[in-house]
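One structure below.
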Amino acid sequence: MNVKKDDMVIVLTGKDKGKKGKVLQVFRENDRVTVEGVAIKKKALKSKAKGKPGQIIEKASPIHVSNVSLLDPKSGKATRVGSKMVGDKKIRISKKSGVEV
C-alpha cells in the first residue's frame, strides 16, 4: 500500500470524485483508508440519560485504497509513488515530478 497516514490524496472515483483530503487512518488488512471530509455517513445515537435527546453525528467512513491517489506536492495533481535510495535510507518520491513525498 502506497498511502500512509497524513498523506494528501485525491479521490478518483465515486460520489466524492475530485475531493482532496488528508488520510486520517489506514486499514491495511482491508486495503481501506479514511480520508478527511470524504464518504461522510450520518449515524443516529440514542440518548445517554433519561430525558436528554439523542443526536445525529457525521463520521467519515473508509473507502478502498484503489479509489484514491497521492497528490503531487509540486503540481497538486494525482501521481503514482516511487521509491529511491538516498544514502542507506529509502524515501518515497512522486513519479510525476520526482519530488520527495
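The values are calculated or read from the model by the stated rules, or taken from the named source; none is laboratory data. Since we're looking at a predicted model, the values are computed, not measured. Don't worry about glycine lacking a Cβ; one is built from the backbone with ideal geometry, like all the others, and counts go over all protein chains shown.
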Tell me which strands (runs of 3 or more DSSP E) are completely within the range 15-101 and hold 3 or more residues being more than 21 Å from residue 1 (Cα to Cα) and not polar (S, T, N, Q), or say none if there are none. 40-45, 55-60
How about the range 57-93: which of its residues are of a type in the set (A, V, I, L, M, F, W, C) and within 21 Å of residue 40 (Cβ to Cβ)? 57, 60, 63, 65, 68, 71
Take the range 63-101 and flag every residue that is more than 18 Å from the chain's Cα centre (by Cα) and of a type in the set (Val, Ile, Thr). 86, 91, 99
Among (1) surrounded by 12 or more Cβ atoms within 10 Å (Cβ to Cβ); (2) of a type outside the set (A, V, I, L, M); (3) modelled with pLDDT of 90 or more; (4) under 25 Å from residue 93 (Cα atoms), there is one condition residue 5 misses while meeting the rest; what is its number? (1)
Does residue 56 count as surrounded by fewer than 17 Cβ atoms within 10 Å (Cβ to Cβ) and touching an Asp or Glu at 6+ places or on another chain (Cβ under 6 Å)? no
Could you tell me how many of the residues in the range 59-101 are crowded, with 16+ Cβ neighbours inside 10 Å, without any contact (Cβ under 8 Å) to a residue 24 or more places away in the chain and farther than 17 Å from residue 21 by Cα? 1
Pairs, please: C-beta under 6 Å, at least 6 apart or cross-chain, first residue among the small types (Gly, Ala, Ser) and in the range 21-35, second surrounded by fewer than 18 Cβ atoms within 10 Å (Cβ to Cβ)? 21/36; 21/37
